[in-house]
Amino acid sequence: MEADSVGGIAPAVLVTLRHGEKVLAAHGLMLYKEHQVQVHRRTMKSLGVSRTHLMGMHALGDSEESYFFAEFEGPGHVSFSRDKGGEVRVLQLAPGQTIRLRDGHLICFDESVRYYPMVLAQYQSPVPDANGQRATTYLFADELTGPGTIVYQSYGNILSFNLQPGEAMRTSVAGLLACANTVGLRIDWLASPAMASTGPVPLPVLDITGPGMVLVHSGT
Amino acid sequence: MQVEVKGEFIPIALATLAPGEQIYCEGGLMVYSDPSIGFGYKWLTQGGVFGTLKRTLVGGLPFQLHEYTGPGYVAFSRFRPGETRVIVLEDGKAVDVAEHSLLLATNTVRYDTFYVQGTGRIGRMIGFWMDRLTGPGTFAFQGHGNILKFTLAAGEAMDVDHGALVMKDAAVTVKAFNQPLGGGVVGHALSFEALRVEGPGDVYLQTLDPSKHPAGGPG
């Protein structure tokens, strides 16, 4: 498949499919398609994602994973939009190359790309709530392994980093858009200024260690 | 009249009117104007009492449009991110603009509305209104997000998302349908709403779905 980003205020992606070529996208992202492009339903099970795994993801919290994708089969053009502002990028994954993309940002991907939803990181609130419970937050991601093309959209602009082995950087929890599966992730806590009613509330951040690619986005 | 689009993210359409020149728009779109600009109402009476009640009570369209008279300048915006286009209509040429997308039109442009039927499926698409504009004259409209233009040959068709259609030539037909997501009962249950547009003529699509970004003046 060929994918081009149509830039501007709210970018869209235009995918050109040859005869029999297929592209998968979350349900509801299609902007338009040529009449001859066929639409099928592709279950997660057919992609190797078990129902048990998905139910487990849903049980953890606000996972957006659906039980199926919409599959578009060429020949022809199909366009997708995530209905928001932010950069759209097209990434060619080499065979075996893996990227972990925060959920809610994937637009579409080649049929040849292996897809697997996962928990990227998790942390427990250091401050108990009114019931004395410490809430756990899960950071969900789509793990995508090449070969093939993927298209994703950020909030705001995308800043790319390539960390050397042992090189470290720190991002806000919301700031991390994607990373290679070779980088290490660790939750750290920053003490924030004292707040009048609640006292000091630590701020979670992500400490990221190379080697590998890291993508940070400027919006939340 | 001259119309200039200023700004990119949330642009305005700045109209400069000669003495006696008139333009109209939906109420609530004016951003600023020359104090010399006159103001009035353009009442919508097409279809009689029942037509008006259908448009206003069912469709949520206004009873009247606002009318501005030159000389001077007046600027309009839908107060939302989206590209703005200015189109010059030849005499007799008709186009259809999606509801709450028209920014302004010269008084020589004839204004009407019509309803595009939905699929009628329970809990799904119920249809939408479009403004029909007939030349001669100039008008401007604003989309949600970017605007993409396509020119369809006679009989050429494309399928577009329900919220994506922002403008088309009147000769382009539009029909709502449910696009099944695969086969069987499940495929039909998961079907999504789309529009089949068929040429000949120009079709303009917008990259943001208005139902997810409803801000924009009175709409």
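The values are calculated or read from the model by the stated rules, or taken from the named source; none is laboratory data. A quick note: this is a predicted structure, and the numbers were derived from the prediction, not measured. Positions of Cβ are generated from backbone atoms using ideal geometry, with glycine treated the same way; all protein chains shown enter the neighbour counts. Quick note on the areas: whole protein, heavy atoms, side chains included, nothing else; ligands and nucleic acids left out. Shrake-Rupley method; radii C 1.70, N 1.55, O 1.52, S 1.80 Å.
Can you report the number of residues in region A:11-20 which are open to solvent by less than 30 Å² (accessible area, probe 1.4 Å) and assigned to a loop (DSSP other than H, G, I, E, B)? Steps first, answer last, please.
Let us first name the residues in region A:11-20 that are open to solvent by less than 30 Å² (accessible area, probe 1.4 Å), namely A:11-13, A:15, A:17.
Subsequent filtering for residues that are assigned to a loop (DSSP other than H, G, I, E, B) retains A:11.
Qualifying residue count, region A:11-20: 1.
I'm told A:Arg18 meets every condition in (1) in contact (Cβ under 8 Å) with a residue 60 or more places away in the chain; (2) more than 10 Å from chain B (Cβ to nearest Cβ) except one. Can you identify the failing condition by its number?
Condition (1) is where A:Arg18 drops out.
Give the residue that is most open to solvent (accessible area, probe 1.4 Å), with candidates limited to residues of region B:164-178 that are in contact with an Asp or Glu (Cβ under 8 Å, 6 or more places away or on another chain), of a type in the set (Gly, Ala, Ser) and over 17 Å from B:Arg121 (Cα atoms).
B:Ala170
Only strands (runs of 3 or more DSSP E) wholly contained in region B:88-202 count here; list those with 1 or more residues that are of a type in the set (A, V, I, L, M) and within 14 Å of another protein chain (Cβ to nearest Cβ).
B:147-152, B:157-161, B:165-169, B:173-179, B:192-198
Of the residues A:Arg89, A:Arg100, A:Arg134, which is open to solvent by 30 Å² or more (accessible area, probe 1.4 Å), touching a strand residue (DSSP E or B) at 6+ places or on another chain (Cβ under 8 Å), farther than 29 Å from A:Gln36 by Cβ and in a strand (DSSP E or B)? Can you show your working first?
Values: A:Arg89 fails: farther than 29 Å from A:Gln36 by Cβ; A:Arg134 fails: in a strand (DSSP E or B).
After ruling out the rest, the residue left standing is A:Arg100.
Does region A:67-83 contain at least one residue that is surrounded by fewer than 20 Cβ atoms within 10 Å (Cβ to Cβ) and at pLDDT below 85?
yes
Considering only residues that are open to solvent by less than 50 Å² (accessible area, probe 1.4 Å) and either within 14 Å of chain B (Cβ to nearest Cβ) or assigned to a loop (DSSP other than H, G, I, E, B) (or both), look in region A:110-125 and name the one that is nearest to A:Lys22 (Cα to Cα).
Among those that are open to solvent by less than 50 Å² (accessible area, probe 1.4 Å) and either within 14 Å of chain B (Cβ to nearest Cβ) or assigned to a loop (DSSP other than H, G, I, E, B) (or both), it is A:Val113.
Name the residue, out of B:Pro81, B:Pro71, that is more than 15 Å from the chain's Cα centre (by Cα), open to solvent by 10 Å² or more (accessible area, probe 1.4 Å), within 14 Å of another protein chain (Cβ to nearest Cβ) and not hydroxyl-bearing (Ser, Thr, Tyr).
Numbers: B:Pro71 fails: within 14 Å of another protein chain (Cβ to nearest Cβ).
None of the others qualify; the one that does is B:Pro81.
Please go through (1) modelled with pLDDT of 90 or more; (2) surrounded by 15 or more Cβ atoms within 10 Å (Cβ to Cβ) for A:Val205 and return the number of the only condition it doesn't satisfy.
(1)
Looking at region B:108-156, which of its residues are modelled with pLDDT of 90 or more and open to solvent by 60 Å² or more (accessible area, probe 1.4 Å)?
Within region B:108-156, B:Thr108, B:Arg110, B:Arg132, B:Lys149, B:Thr151, B:Ala154, B:Glu156 qualify.
Looking at A:Ile107, is it β-branched (Val, Ile, Thr), within 14 Å of another protein chain (Cβ to nearest Cβ), under 30 Å from B:Pro81 (Cβ atoms) and in a strand (DSSP E or B)? Please lay out each step first, then the result.
Numbers: β-branched (Val, Ile, Thr): yes; within 14 Å of another protein chain (Cβ to nearest Cβ): yes; under 30 Å from B:Pro81 (Cβ atoms): yes; in a strand (DSSP E or B): yes.
For A:Ile107, the condition - β-branched (Val, Ile, Thr), within 14 Å of another protein chain (Cβ to nearest Cβ), under 30 Å from B:Pro81 (Cβ atoms) and in a strand (DSSP E or B) - is met.
Residues checked against (1) touching a residue at least 60 places away in the same chain (Cβ under 8 Å); (2) touching a helix residue (DSSP H, G or I) at 6+ places or on another chain (Cβ under 7 Å); (3) open to solvent by less than 60 Å² (accessible area, probe 1.4 Å); (4) small (Gly, Ala, Ser):
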| position | (1), (2), (3), (4) |
| --- | --- |
| A:Val6 | yes, no, yes, no |
| A:Ile9 | yes, no, yes, no |
| A:Lys22 | yes, no, yes, no |
| A:Tyr32 | no, no, yes, no |
| A:Arg41 | no, yes, no, no |
| A:Arg51 | no, yes, no, no |
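With (1) touching a Pro at 6+ places or on another chain (Cβ under 8 Å); (2) hydrophobic (A, V, I, L, M, F, W, C); (3) part of a strand (DSSP E or B) as the list, and B:Ile10 as the residue in question, which single condition is left unmet?
(3)
Within region B:34-51, count every residue that is open to solvent by less than 70 Å² (accessible area, probe 1.4 Å) and more than 20 Å from B:Val109 (Cβ to Cβ).
Total satisfying the criteria: 3.
I'm told B:Arg55 meets every condition in (1) within 15 Å of the chain's Cα centre (by Cα); (2) under 16 Å from B:Val109 (Cα atoms) except one. Can you identify the failing condition by its number?
(2)
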